[in-house]
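Colleague: Next up is a structure, given as structure tokens.
The values are calculated or read from the model by the stated rules, or taken from the named source; none is laboratory data. Computed from a predicted structure; not experimentally measured. As a convention, Cβ positions derive from the backbone with ideal geometry for all residues, glycine included, and neighbour counts pool all protein chains shown.
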Amino acid sequence: MSQDIFVVIEHLRGQVADMSYVMLGGARALSKAIGGNVVAVLLGHKAEGLAGNFAADGVLYLDHPALAEFTSDAYQKALVGLISEKQPRLVLLGSTSIGSDVAGGLSVKLGLPLVSSCRNFTADGKYVSQICGGKINAEGDLPSPTALVTMVPGGYKPDAGQSAQAPALTKVEAAGLDALRVSLAKYVEPESGDVDIAKEPVLIAVGRGIQQQDNVQLAEDLAAAMGGVVCGSRPVIDQGWLSTSRLVGKSGKRVKPKVYLALGISGAPEHAEAITDSDMIIAVNTDPKAPIFEFAKYGTETDLFDLIDPLIAKVKAAKG
Amino acid sequence: MNIVVLVKLVPDLVEELNIDPSGAALDMSWLRLIINEFDDHAEEQAILLKERGGGQVTAIVPEYEGADEVLFTASARGADRLIKLGGDFLVANNHALARACAAVIKELNPDLVLTGVQANNDLDGPVGPTLAECLGMPYVGYVSGVATGDGKVTAMKEYPGGLKAEMQVKLPAVLGIQAAEQPPRYVAVSKVRMVMKTATIETRDAGALDGSGAPAVGRMFQPEAAAHAEMITGSVDDVADKLVNIFKEAGVL
């Protein structure tokens, strides 16, 4: 048993995900409160080169051909062996398409408690998790002696998890990687679509508040008047009202426009994390408690259906 | 193909959320529950697979107020068998739900189990991966496209930035659905009412719930915003005028 804080590094196709650095930053902050070393756990094949800038006291590197690409089954099996052998104080994983796929299985298999959606740790070492679309925080003691934690972005900056000095890397045998039931057939590149919303300076974003497909045209009209492009949050894309190339959020694009005008978007964490690099966020939402008002520069509770037509007229007038 | 879909109800986030007197849990007494939208997509995906390749869809819903309606709606959409899992699920965590469901699902001997990739009140991880391990099945989540054949399932898994991975998963398996291949189908209330007259809901008692594996909560609170948007008020015309000025300042008009 140790007081170490393990961070399971997420990477895809040779690229370390920002979330890995966010978690390393969180682990560093937490180690100040509860002690222990920050240990990056890197699973891969011929992937040592990824570990050069981890802000960690050490790297445990599990190299195996079955770990060359992420699959839930291989990652979970490799981590079961490592965690039961090392018995760290904590194992941090992303509340992501990688970490969430394995954390629940590890919890049952190893009999370890799992805290999910943790955004940050308090100065006295408690977890703070974000639930109900960011409207409620849950805080509590980190279960002992060993706990699994999945983390969401927002609590720590990726910079906090990076270091100019390469940490010491230790190779560890990856065991039990046979009879795997999940395999990667191929990657499928994102739909390119007609425009790249990541590069557009003016985005008119629609969320659940747009209510029905016909209303998307209102946003299109405003975008046409302003010289912008319409994008949307997950519910709108899942309804098929906009193509996936227009999706802004955790599983879509990260955007950084000059102006991000959010119409009827509540600002759930999955959406928020992808728009924080915008120069200016303006939120139109009738719910005064919508989380988006907490990070938008300007906001209004005016009903978007009342607002759009006069706004289009005034935008057109201003353009002359 | 024998498909099971697990559907749960979650707090409607449009409603006011309150903390109960203990200070460590949501006040559930007045809370409105709605179908977890990801479970809605899982149900649609299950029906699509059945329509495409035949088989049977069994919908399982833990007992909450509104569970019967959700089950009858599943039937109206095309589910063949409806099971309500009896127990105090209103306050149960996902570890308890996964263990209780696993016991029932094992008996059904499914090829494929679908559920939503997440729910808005998950605090001990989503139910899917936990359920998969209880069943001894592999799990793949963040799935937005499913095809079956040759004793395996092909799942399109989503990664950030729009990248997808085609994963092949040996059956039986559990998949966490992010989005069905088409939006969940609408069924008219009149059709649900008709189903209510003919469809049967089987009830299984979950027995004592084992919620070990979830963290204890010390307190719950509504986060205090570090910052707040500068609110633009006034008549619709005022608001539109102010927005135009803001657009000008931002250099986009």
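Colleague: Any chance you could count how many residues in region A:19-68 are within 30 Å of A:Arg181 (Cα to Cα) and either among the polar types (S, T, N, Q) or in the same structural domain as A:Arg254 (by TED's automatic domain parsing) (or both)?
Modeller: Selection size over region A:19-68: 1.
Colleague: While we're looking at this one, here's another question. Would you check which residues across region A:279-320 are part of a loop (DSSP other than H, G, I, E, B), out of contact with any helix residue (DSSP H, G or I) (no Cβ under 8 Å at 6 or more places or on another chain), on the phi < 0 side of the Ramachandran plot and surrounded by fewer than 23 Cβ atoms within 10 Å (Cβ to Cβ) and list them? Full working, then the answer.
Modeller: Here is the first cut: in region A:279-320, the residues part of a loop (DSSP other than H, G, I, E, B) are A:279, A:285-290, A:295-297, A:301-303, A:320.
Among the residues that remain, those that are also out of contact with any helix residue (DSSP H, G or I) (no Cβ under 8 Å at 6 or more places or on another chain) are: A:279, A:287-290, A:296-297, A:301, A:303, A:320.
Keeping just the survivors that are on the phi < 0 side of the Ramachandran plot gives A:279, A:287-290, A:296-297, A:301, A:303.
Passing the criteria: A:Asp279, A:Asp287, A:Pro288, A:Lys289, A:Lys297, A:Glu301, A:Asp303.
For (1) more than 7 Å from chain A (Cβ to nearest Cβ); (2) within 22 Å of the chain's Cα centre (by Cα), each residue gets a yes or a no:
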residue: B:Lys191; (1), (2): yes, no
residue: B:Thr203; (1), (2): yes, yes
residue: B:Asp210; (1), (2): yes, yes
residue: B:Ala225; (1), (2): no, no
residue: B:Ser235; (1), (2): yes, no
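Colleague: Follow-up. May I ask you to say which residue of A:Ser116, A:Ser84 is at the interface with another protein chain (Cβ under 7 Å from one of its Cβ atoms), within 22 Å of B:Gly213 (Cβ to Cβ) and of a type in the set (S, T, N, Q)? Before the answer, list the steps.
Modeller: Details: A:Ser84 fails: at the interface with another protein chain (Cβ under 7 Å from one of its Cβ atoms).
A:Ser116 is the lone residue from the list that is at the interface with another protein chain (Cβ under 7 Å from one of its Cβ atoms), within 22 Å of B:Gly213 (Cβ to Cβ) and of a type in the set (S, T, N, Q).
Colleague: Taking the conditions exactly as written (more than 10 Å from chain B (Cβ to nearest Cβ) and either crowded, with 23+ Cβ neighbours inside 10 Å or not in a helix (DSSP H, G or I) (or both)), does A:Val216 satisfy them or not? Show your work before the answer.
Modeller: Values: more than 10 Å from chain B (Cβ to nearest Cβ): yes; either crowded, with 23+ Cβ neighbours inside 10 Å or not in a helix (DSSP H, G or I) (or both): no.
Taking the combined requirement at face value, the residue does not satisfy it.
Colleague: Looking at (1) surrounded by fewer than 20 Cβ atoms within 10 Å (Cβ to Cβ); (2) at the interface with chain B (Cβ under 10 Å from one of its Cβ atoms), find the lone condition where A:Ser97 falls short.
Modeller: Answer for A:Ser97: the failing condition is (1).
Colleague: If I ask for residues that are of a type outside the set (A, V, I, L, M, F, W, C), assigned to a helix (DSSP H, G or I) and at negative phi, which ones from region A:97-144 would you list? Write out each step before concluding.
Modeller: Let us first name the residues in region A:97-144 that are of a type outside the set (A, V, I, L, M, F, W, C), namely A:97, A:99-101, A:104-105, A:107, A:109, A:111, A:113, A:116-117, A:119-120, A:122, A:124-127, A:129-130, A:133-135, A:137, A:139-141, A:143-144.
Applying the additional criterion that residues be assigned to a helix (DSSP H, G or I) yields A:99-101, A:104-105, A:107, A:109, A:133-134.
Result: A:Gly99, A:Ser100, A:Asp101, A:Gly104, A:Gly105, A:Ser107, A:Lys109.
Colleague: Oh, and also: If I ask for residues that are under 21 Å from the mean Cα position of the chain (by Cα) and either farther than 12 Å from A:Val39 by Cβ or of a type in the set (D, E, K, R) (or both), which ones from region A:52-74 would you list?
Modeller: A:Asn53, A:Glu69, A:Phe70, A:Thr71, A:Ser72
Colleague: If you go through region B:92-103 one residue at a time, how many are closer than 11 Å to B:Asp205 by Cα and surrounded by 21 or more Cβ atoms within 10 Å (Cβ to Cβ)?
Modeller: Number satisfying all stated conditions: 2.
Colleague: So B:Ala100 fits all but one of (1) free of Cβ contacts under 8 Å to residues at least 40 places away in the same chain; (2) within 14 Å of chain A (Cβ to nearest Cβ); what number is the exception?
Modeller: (1)
Colleague: Within region B:68-83, can one find any residue that is farther than 15 Å from A:Asp101 by Cα, among the polar types (S, T, N, Q) and within 8 Å of another protein chain (Cβ to nearest Cβ)? Spell out how you get there, then give the answer.
Modeller: First pass over region B:68-83, keeping only residues farther than 15 Å from A:Asp101 by Cα: B:68-83.
Of the ones still in play, those that are also among the polar types (S, T, N, Q) are B:73, B:75.
Now narrow it down to the ones that are within 8 Å of another protein chain (Cβ to nearest Cβ): none.
No.
Colleague: Let me ask another. Quick check: is even one residue across region A:127-139 within 11 Å of chain B (Cβ to nearest Cβ), touching a Lys or Arg at 6+ places or on another chain (Cβ under 6 Å) and touching a residue at least 60 places away in the same chain (Cβ under 8 Å)?
Modeller: Our first condition is that a residue be within 11 Å of chain B (Cβ to nearest Cβ); within region A:127-139, this holds for A:127-139.
Still in the list and also touching a Lys or Arg at 6+ places or on another chain (Cβ under 6 Å): A:128, A:130, A:139.
If we keep only those that are touching a residue at least 60 places away in the same chain (Cβ under 8 Å) too, we end up with A:130.
For region A:127-139, residues within 11 Å of chain B (Cβ to nearest Cβ), touching a Lys or Arg at 6+ places or on another chain (Cβ under 6 Å) and touching a residue at least 60 places away in the same chain (Cβ under 8 Å): present.
Colleague: Moving to a separate point now. Tally time: how many residues in region B:123-166 are within 9 Å of another protein chain (Cβ to nearest Cβ), assigned to a strand (DSSP E or B) and in contact with a Ser or Thr (Cβ under 7 Å, 6 or more places away or on another chain)?
Modeller: 8
Colleague: When you scan region A:4-94 for strands (runs of 3 or more DSSP E) that lie fully inside it, which ones turn up with 1 or more residues that are surrounded by fewer than 18 Cβ atoms within 10 Å (Cβ to Cβ) and small (Gly, Ala, Ser)? Break it down into steps so the answer makes sense when it comes.
Modeller: Values: elements: A:5-8, A:38-44, A:58-63, A:90-94.
Ranges flagged: A:58-63.
Colleague: Another one. Any residue at all in region A:235-242 that's outside the structural domain of A:Leu12 (by TED's automatic domain parsing), touching a Pro at 6+ places or on another chain (Cβ under 7 Å) and farther than 28 Å from A:Pro288 by Cβ?
Modeller: Taking region A:235-242 as the starting set, the residues that turn out to be outside the structural domain of A:Leu12 (by TED's automatic domain parsing) are A:235-242.
Right, trim to touching a Pro at 6+ places or on another chain (Cβ under 7 Å) and you get A:238-240.
Next, from what is left, pick out any that are farther than 28 Å from A:Pro288 by Cβ: A:240.
Within region A:235-242, one or more residues are outside the structural domain of A:Leu12 (by TED's automatic domain parsing), touching a Pro at 6+ places or on another chain (Cβ under 7 Å) and farther than 28 Å from A:Pro288 by Cβ.
Colleague: Further question on the same structure: Take the residues of region B:57-91 that are free of Cβ contacts under 8 Å to residues at least 60 places away in the same chain and within 18 Å of B:Arg185 (Cα to Cα): which is surrounded by the fewest Cβ atoms within 10 Å (Cβ to Cβ)?
Modeller: Applying the filter and picking the extreme gives B:Asp80.
Residue by residue, here is whether (1) modelled with pLDDT under 95; (2) polar (S, T, N, Q); (3) crowded, with 22+ Cβ neighbours inside 10 Å; (4) farther than 18 Å from B:Glu37 by Cα holds:
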site: B:Asp124; (1), (2), (3), (4): no, no, yes, yes
site: B:Leu131; (1), (2), (3), (4): no, no, yes, yes
site: B:Gly141; (1), (2), (3), (4): no, no, yes, no
site: B:Ala147; (1), (2), (3), (4): no, no, no, yes
site: B:Ala155; (1), (2), (3), (4): no, no, yes, yes
site: B:Gln168; (1), (2), (3), (4): no, yes, no, yes
site: B:Ile177; (1), (2), (3), (4): no, no, yes, no
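Colleague: Which one is surrounded by the fewest Cβ atoms within 10 Å (Cβ to Cβ), of the residues in region A:227-259 that are out of contact with any Phe, Trp or Tyr (no Cβ under 7 Å at 6 or more places or on another chain), facing chain B (nearest Cβ under 10 Å) and outside any loop (DSSP other than H, G, I, E, B)?
Modeller: A:Ser245
Colleague: Also, I was wondering about something else. Condition first: within 19 Å of B:Arg81 (Cα to Cα) and of a type in the set (Ser, Thr, Tyr). Now tell me which residues in region B:187-209 satisfy that.
Modeller: To start, the set of residues in region B:187-209 that are within 19 Å of B:Arg81 (Cα to Cα) comprises B:187, B:191-206.
Passing the criteria: B:Thr198, B:Thr200, B:Thr203.
Colleague: Which ones in region B:202-253 are outside any strand (DSSP E or B), more than 30 Å from A:Glu139 (Cβ to Cβ) and touching a residue at least 24 places away in the same chain (Cβ under 8 Å)?
Modeller: Selection gives B:Gly207 alone.
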